[in-house]
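Working notes for the structure below.
The values are calculated or read from the model by the stated rules, or taken from the named source; none is laboratory data. This is a predicted model, so every value here is computed, not measured. Positions of Cβ are backbone-derived with ideal geometry, glycine not excepted, and every protein chain shown enters the neighbour counts.
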């Protein structure tokens with residue numbers, strides 16, 4: 001069982017959630033990595049915005065081989081409504097439920113979502129990073145906030161994603177002549193570290209391998225092709 005910090009209650013209104021984000025923003029640390037990342041987890045969430053069921057998955061990979069060490073999938077219910085900009089309040093409890101079931105404690109976690117590239121600089125990668133107290137980053141398929149110039153065609157090229165005069169992430173080309181993905185630091189990592197880690201997780205696709213694997217897992221859960229991970233026994 002992998003533990004985490006109880007940062008705040010989840011039974012909040014959207015207005016209270018916005019105020020929480022404003023206070024959490026001051027706690028987010030964008031800083032260089034303190035140690036080498038040897039294991040990285042990908043996390044993804046899937047749901048219908050009009051239904052309470054949330055499908056969450058975490059897949060842990062070893063670097064540099066990208067060998068899958070462990071995967072955990074959960075199906076749970078949320079009471080928080082679908083509100084753009086507040087999705088972490090809808091998604092994070094399910095991610096934490098999956099996190100608790102891990103046997104492996106990953107060095108960093110990559111989210112199919114945003115880090116500080118968020119209106120209040122607290123996307124799901126930042127929010128969960130504060131709770132699990134380890135490096136996190138967002139690798140999103142679309143832009144939530146900010147503007148950028150198109151990077152060069154070659155894999156590894158990137159340009160700054162800028163919102164209100166602040167660099168909040170990067171448009172990163174993970175595959176030559178394929179649309180970029182949008183990388184942003186979550187917590188306890190800086191932009192260059194987030195870019196380098198994303199490029200180190202190259203499985204030959206646009207999406208980095210950890211979040212690609214997590215995406216496949218939650219879709220399989222949603223289709224009923226995989227069963228949720230059972231709660232571990234203390235005697236396992």
Checklist outcome for this item: Subset of the stretch 176-226, residues in contact with a helix residue (DSSP H, G or I) (Cβ under 8 Å, 6 or more places away or on another chain) and over 16 Å from residue 117 (Cα atoms), comes to 201, 202, 203, 205, 207, 208, 226
Checklist entry - Out of all the residues in the stretch 7-24, which are farther than 14 Å from residue 82 by Cα and free of Cβ contacts under 8 Å to residues at least 12 places away in the same chain? => result 9, 16, 19, 23
Checklist outcome for this item: Only one of (1) touching a residue at least 60 places away in the same chain (Cβ under 8 Å); (2) under 17 Å from residue 174 (Cα atoms); (3) within 13 Å of the chain's Cα centre (by Cα) does not apply to residue 138, and that is (1)
Item to check | Candidate set: the stretch 55-70, residues that are over 15 Å from the mean Cα position of the chain (by Cα) and surrounded by 14 or more Cβ atoms within 10 Å (Cβ to Cβ); chosen: the one nearest to residue 202 (Cα to Cα) | outcome: 66
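Yes/no per residue for (1) buried (at least 24 other Cβ atoms within 10 Å of the Cβ); (2) closer than 25 Å to residue 206 by Cα; (3) modelled with pLDDT under 95:
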residue	(1), (2), (3)
106	yes, yes, no
110	yes, yes, no
115	yes, yes, no
125	yes, yes, no
128	yes, yes, no
131	no, no, no
135	yes, yes, no
143	no, yes, no
Next on the checklist: Looking at 31, 41, 56, can you tell me which residue is within 17 Å of residue 188 (Cα to Cα), at pLDDT 95 or above and touching a helix residue (DSSP H, G or I) at 6+ places or on another chain (Cβ under 8 Å)?
Outcome noted: 41
Checklist outcome for this item: Scanning the stretch 165-180 residue by residue, those assigned to a loop (DSSP other than H, G, I, E, B) and without any contact (Cβ under 8 Å) to a residue 12 or more places away in the chain turn out to be 165
Item to check | Among the candidates 155, 121, residue that is surrounded by fewer than 22 Cβ atoms within 10 Å (Cβ to Cβ), assigned to a loop (DSSP other than H, G, I, E, B) and in contact (Cβ under 8 Å) with a residue 12 or more places away in the chain | outcome: 155
Next on the checklist: Within the stretch 83-106, does at least one residue satisfy the condition of being under 17 Å from the mean Cα position of the chain (by Cα), closer than 19 Å to residue 136 by Cα, in a strand (DSSP E or B) and in contact (Cβ under 8 Å) with a residue 40 or more places away in the chain?
Outcome noted: no
Item to check | Flag for residue 226 being part of a loop (DSSP other than H, G, I, E, B), surrounded by 15 or more Cβ atoms within 10 Å (Cβ to Cβ) and free of Cβ contacts under 8 Å to residues at least 60 places away in the same chain | outcome: no
Next on the checklist: Regarding the stretch 76-95, can at least one residue be identified that is surrounded by fewer than 17 Cβ atoms within 10 Å (Cβ to Cβ), at pLDDT 95 or above and within 21 Å of residue 188 (Cβ to Cβ)?
Outcome noted: no
